[in-house]
Amino acid sequence: MRSSNNSLEFLPTVFVLAGIPGLEAEHIWISIPFCLVYTIIFLGNGTILHVIRTDAALHQPMYLFLALLALAEVGVSVSTLPTVLGIFLFGNTEITFDACLLQMVSIHSFSIMESGVLLAMSVDRFVAIYSPLRYTAILTLPRIFSTGVIIGLKSIILMAPLPMLLRRLPFCGHNVLSHSYCLHPNLIHLPCGDITINNIYGLFIVTSTFGLDSLLIVVSYGLILHTVLSITTGEGRRKALNTCGSHVCAVLAYYVPMIGLSMVHRFAHHVSPLLHVMMANAYLFFPPVVNPIVYSIKTKEIRHGIVRMFSQKRDRV
């Protein structure tokens, strides 16, 4: 606790997390769909990872990038799980200041990784369509591994300064959050001091990751469409576009909820708190639930790999 300008300023020892506004008495029932969502996320993405790891036919750039995407989505879900289930199952609404900062860094780092992997996957689809004969020669295993390491390091390095920037601010007793987990757009509204530097750095992170990634994804698909239109046969065009279908779904599943949440945080301060909660949950839970299902249905190789996995298990039994 510290005093400055005759006002009481301090870093809170705990933050108070929120469940579903107005439905606090029903939290034990609300925990059921959340448990189901987590089960789907871990089973779906875990199955994708296991199939890609064990099936030599899937050790190709497209599927290795898909494995990186699944890892990032599992990371986001693991980051939110302790507080979400703690609130809805056990009524534990408090999180320590340090644990909150750690959770914030973890959630946003894995989210930035998702965005970077989606960009890498769009480049992968462009190379596969533009130069199919040199596809594996261009996207070699060392390059894919290096890309994954760079994306991971970039995410961690960008997020590392945020806890220090938050620690320097006075909170003046404000410690009630709007979600069941710690997000930077929520935390930044609590301090009573000057948050200009925090806002500038937060804007830099958003523009240099999500903004730049989404722009380059659009450019990649512009180049893909230009390449596809140069294909003379209709069947060839259809096959080329079909290889992008799952990735387009993954991009929409990620960016649409994220844009919606950003708009709500910045411009809809007076709307129902329930809208903030629903948008944040859609942003964090929708992509890791939907993507394994989409890739399992739309990607023949993944589908066949899953069938082979269960067939082998049945044969062993």
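The values are calculated or read from the model by the stated rules, or taken from the named source; none is laboratory data. Predicted, not measured: the structure shown is a model, and the values here were computed from it. As a convention, Cβ positions derive from the backbone with ideal geometry for all residues, glycine included, and neighbour counts pool all protein chains shown.
Within the set of pairs 6 or more residues apart or between chains, which connect a residue that is within 12 Å of V51 (Cα to Cα) and modelled with pLDDT of 85 or more inside the stretch 296-316 to a residue that is hydrophobic (A, V, I, L, M, F, W, C) and not in a helix (DSSP H, G or I) with Cβ atoms less than 6 Å apart?
Pairs found: none.
For S79, are the conditions met, namely being free of Cβ contacts under 8 Å to residues at least 40 places away in the same chain, over 29 Å from L241 (Cα atoms) and surrounded by 15 or more Cβ atoms within 10 Å (Cβ to Cβ)?
no
Given the conditions (1) farther than 18 Å from V206 by Cα; (2) assigned to a loop (DSSP other than H, G, I, E, B), report the number of the one that L85 does not fulfil.
(2)
Within the stretch 137-144, can one find any residue that is without any contact (Cβ under 8 Å) to a residue 12 or more places away in the chain, outside any helix (DSSP H, G or I) and more than 24 Å from T207 (Cα to Cα)?
Yes - at least one qualifying residue is present in the stretch 137-144.
Can you tell me which residue within the stretch 90-129, out of those that are of a type in the set (D, E, K, R) and surrounded by fewer than 19 Cβ atoms within 10 Å (Cβ to Cβ), is nearest to G75 (Cα to Cα)?
D98
Working only within the stretch 84-107, note down all residues that are in contact with a helix residue (DSSP H, G or I) (Cβ under 8 Å, 6 or more places away or on another chain), farther than 19 Å from P287 by Cβ and among the β-branched types (V, I, T).
Result: I87, T93, I95, V105.
Scan the stretch 193-212 residue by residue and report those that are farther than 21 Å from F110 by Cα and touching a Pro at 6+ places or on another chain (Cβ under 8 Å).
Scanning the stretch 193-212 gives a single hit, G193.
Looking at the structure I just gave you, is V51 part of a helix (DSSP H, G or I), modelled with pLDDT under 95 and either surrounded by 24 or more Cβ atoms within 10 Å (Cβ to Cβ) or not polar (S, T, N, Q) (or both)?
yes
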